[in-house]
Structures are given as structure tokens and as C-alpha cells.
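Undergrad: Attaching a single structure in C-alpha cells format; questions to follow.
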Amino acid sequence: MLRRAPTTITLTDEDVKQYEKRREQILWLQQQQQASAQSTDSSNAGKKVENSQGVDTAAQEKSKKDRIMGYEFHV
């Protein structure tokens, strides 16, 4: 049986910088959302914004790359 060469994955400095930048953006957004949730009225907190088709707008805003690469982090 023939064996193929092992698959290698390489990361460049640019890949790491892009990851770290995206991670910082997500943490900043989460902090902003928490701050705004605390400052809003409790009756408005936790409501989802849905468009006329009943789909969460936040899910629509994700790019194809974000969905494939899994850039959403859960902290």
C-alpha cells in the first residue's frame, strides 16, 4: 500500500497577527455589548432583533469566511 506524505500546516506571522487582531475585536465587542446591556432598561435587555423573515440579523452579518473559519469565540 502506498503512503502519501503527511499533511503540514504552516502559519505565518501575518496569520498570527490576523488572529490576534480578530480576537481583540471580539473581546472589545463583547465588552461593549455587556456595557450597553447593563445600561439599558431591563425590559429591553436580552431581546433579539429579527428581520421580517424572522432570522436573527447577527447571524446574517457573519461573512462566509467567518462561518467557515470559525472566528466566533466563546469566552
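Residues are listed down the side, and each one gets a yes or a no for (1) at pLDDT 85 or above; (2) exposed (fewer than 10 other Cβ atoms within 10 Å of the Cβ); (3) of a type outside the set (A, V, I, L, M, F, W, C):
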position: R4; (1), (2), (3): yes, yes, yes
position: T8; (1), (2), (3): yes, yes, yes
position: Q18; (1), (2), (3): yes, no, yes
position: R22; (1), (2), (3): yes, no, yes
position: L29; (1), (2), (3): yes, no, no
position: Q34; (1), (2), (3): yes, no, yes
position: A37; (1), (2), (3): no, no, no
position: K47; (1), (2), (3): no, yes, yes
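Undergrad: Output the qualifying pairs, or none if there are none: Cβ atoms under 7 angstrom, residues six or more apart or on different chains, first residue in segment 12-40 and at negative phi, second residue surrounded by 11 or more Cβ atoms within 10 Å (Cβ to Cβ) and aliphatic (A, V, I, L, M).
TA: A37/A45
Undergrad: State whether one or more residues within segment 59-69 are among the small types (G, A, S), modelled with pLDDT under 90, exposed (fewer than 10 other Cβ atoms within 10 Å of the Cβ) and more than 11 Å from the chain's Cα centre (by Cα).
TA: Scanning segment 59-69 turns up no residue that is among the small types (G, A, S), modelled with pLDDT under 90, exposed (fewer than 10 other Cβ atoms within 10 Å of the Cβ) and more than 11 Å from the chain's Cα centre (by Cα).
The values are calculated or read from the model by the stated rules, or taken from the named source; none is laboratory data. The model shown is predicted, which means the values in this text are computed figures rather than measured ones. Cβ coordinates were reconstructed from backbone atoms using ideal geometry, including for glycine residues, and neighbour counts include every protein chain displayed.
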